[in-house]
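The values are calculated or read from the model by the stated rules, or taken from the named source; none is laboratory data. What you see is a predicted model; the values in this text were computed from it and never measured. In this analysis, Cβ positions are derived from the backbone assuming ideal geometry, glycine residues included, and neighbour counts consider all displayed protein chains.
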Amino acid sequence: MRAVHFGAGNIGRGFIGETLADNGFSIDFVDVNSTIIDALNKRGEYDIELAAPGKKKIHVSNVDGINNAKDPDKVVDAIKATDMITTAIGPKILPIIAPLIAKGLTARINSGNTTPLDVIACENMIGGSQHLKDYVYSHLDADMKPKVDKYIGFPNAAVDRIVPIQHNDDPLFVSVEDFKEWIIDKSQMKNKDIKLKGVGYAKDLEPYIERKLFSVNTGHATVAYTGKNLGYTTIGDAIKDPFVLKQVKRVLSETRSLLYNKWNKEFTEKSLEDYHSKVLKRFQNPYISDDIARVGRTPIRKLGYDERFIRPIRELKERNLDYSALMETVGRIYHFDEPKDAESQKLQKMLKTEDLKQVIVETTGLKDDPDLVDQIAKSYHDADNDKKN
Ligand SMILES: NC(=O)C1=CN([C@@H]2O[C@H](COP(=O)(O)OP(=O)(O)OC[C@H]3O[C@@H](n4cnc5c(N)ncnc54)[C@H](O)[C@@H]3O)[C@@H](O)[C@H]2O)C=CC1
Ligand SMILES: O=P(O)(O)OC[C@H]1O[C@](O)(CO)[C@@H](O)[C@@H]1O
């Protein structure tokens, strides 16, 4: 079995690569990072280390690399013959790789290969594969679309494992947390014969992706933005601050009430409490040093209408449930000033040159809810007090 995986970065090598290799796949990693691609081709293998007591090593072999910026035709050839396509590349990059995937799928079907194939986006977003599908379809000829409909699936997925930015001499080595969870929406799969061990298959992914996004990602980002406003640079240091810990617990209690309200057939209150206790322990993992700059990266994306803060706030408000701690975090996101983060710099510039409420509408998409916009504006000003206290 072969897989084409887009994005040979931290989660690509540190989670998707591990799982595919453990299922007997050889992997063509596709990336624009020449150092990583050259190392994959030279060595054909790499090591993962678990950031946990014992620091267990996992060896991944039968891998190679294709640089899509230099050798796009090789990617097309790989897609023609592959058994699975996965991505872990970042939501903003999905539209950039879509034309190449469209070209590969067209070449595959035109070559007579009608083996069903699934394309699985493993990104921190709701409906990732379906978004990728839309981007890919916008690059397909009209006569190709019904054929792709027939043979190619785009099942949504939720992936959960904390993999910080790596600072190793070996560009392929990756240290990852022990915990991992990958769930795929089986109702959207075309090739149901390929069931990966170590992966969960759900009839309906929505409760699981919401549980993950509104817990791990909302919670982690809360630690990042609250900690950053207090002057911390790592998640480990920030979460030791009792105020930060209290904030993340309040935020998780709010998202927990939403998750229970929406998904009480799937999750009991107790199971959600246990899930959140585990999430907090994962943030406190002493074997991981995670930068606030990474966890808070691309703040404009994270302020999005369907993202980890505004969506739960909207849905809690609709249900008359408390969202005050989430609102406090949103105010702090607008203070996230990271010199190396282009979105953070863009946001700071917008705040200096535009009206605050206009910036809030532009970044959150809350054009129809002036009340929430007012609340965010207040929360932005209140967040100034963090630094003074
Ligand atoms: N790191 C983590 O703990 C987790 C990350 N994720 C998600 O996985 C995705 C990737 O995250 P990370 O692995 O942390 O990021 P990363 O930055 O380590 O990896 C992304 C890779 O994509 C490559 N890339 C960028 N533009 C490209 C292009 N046009 N063509 C080909 N390759 C390109 C980069 O060179 C990099 O190697 C994101 O959507 C993230 O939300 C999901 C769960 C956990
Ligand atoms: O990748 P994004 O969406 O920027 O968010 C970063 C998040 O991803 C994770 O690395 C894993 O979900 C979290 O640790 C962190 O909250």
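May I ask you to verify whether R256 is within 16 Å of ligand 2 (Cβ to nearest atom), assigned by TED's automatic domain parsing to the domain that holds M350 and either farther than 23 Å from V359 by Cα or in contact (Cβ under 8 Å) with a residue 40 or more places away in the chain (or both)? Taking the combined requirement at face value, the residue does not satisfy it.
Can you pull out every residue in segment 171-195 that is touching a strand residue (DSSP E or B) at 6+ places or on another chain (Cβ under 8 Å), of a type outside the set (K, R) and under 30 Å from K42 (Cβ atoms)? Matches in segment 171-195: L172, F173, V174, S175, V176, E177, D178, W182, I194. Here D22, D47, D31 are screened, and the one residue that is within 21 Å of the chain's Cα centre (by Cα) and either more than 16 Å from ligand 2 (Cβ to nearest atom) or modelled with pLDDT under 95 (or both) is D31. Does segment 261-277 include one or more residues that are under 25 Å from G231 (Cα atoms), assigned to a helix (DSSP H, G or I) and either more than 14 Å from ligand 2 (Cβ to nearest atom) or among the basic types (K, R) (or both)? No, that holds for no residue. Number of residues in segment 283-341 that are within 11 Å of ligand 2 (Cβ to nearest atom) and within 19 Å of K212 (Cβ to Cβ): the value is 14. Would you confirm whether any residue within segment 77-98 is free of Cβ contacts under 8 Å to residues at least 60 places away in the same chain, surrounded by 19 or more Cβ atoms within 10 Å (Cβ to Cβ), under 18 Å from the mean Cα position of the chain (by Cα) and assigned by TED's automatic domain parsing to the domain that holds S129? Yes, segment 77-98 contains at least one residue that is free of Cβ contacts under 8 Å to residues at least 60 places away in the same chain, surrounded by 19 or more Cβ atoms within 10 Å (Cβ to Cβ), under 18 Å from the mean Cα position of the chain (by Cα) and assigned by TED's automatic domain parsing to the domain that holds S129.
With respect to the conditions (1) more than 21 Å from D241 (Cα to Cα); (2) crowded, with 19+ Cβ neighbours inside 10 Å, D369 lacks only one, and its number is (2).
Here segment 356-389 is the region considered, the condition is being among the acidic types (D, E) and part of a helix (DSSP H, G or I), and the residue that is nearest to V223 (Cα to Cα) is D386. Taken over segment 135-178, the residue count meeting the criterion of being farther than 14 Å from I101 by Cβ, away from ligand 1 (no atom under 12 Å from the Cβ) and either surrounded by 21 or more Cβ atoms within 10 Å (Cβ to Cβ) or not assigned by TED's automatic domain parsing to the domain that holds N191 (or both) is 2. Counting residues in segment 174-194 that are in contact (Cβ under 8 Å) with a residue 60 or more places away in the chain, more than 14 Å from ligand 2 (Cβ to nearest atom) and small (G, A, S) gives zero.
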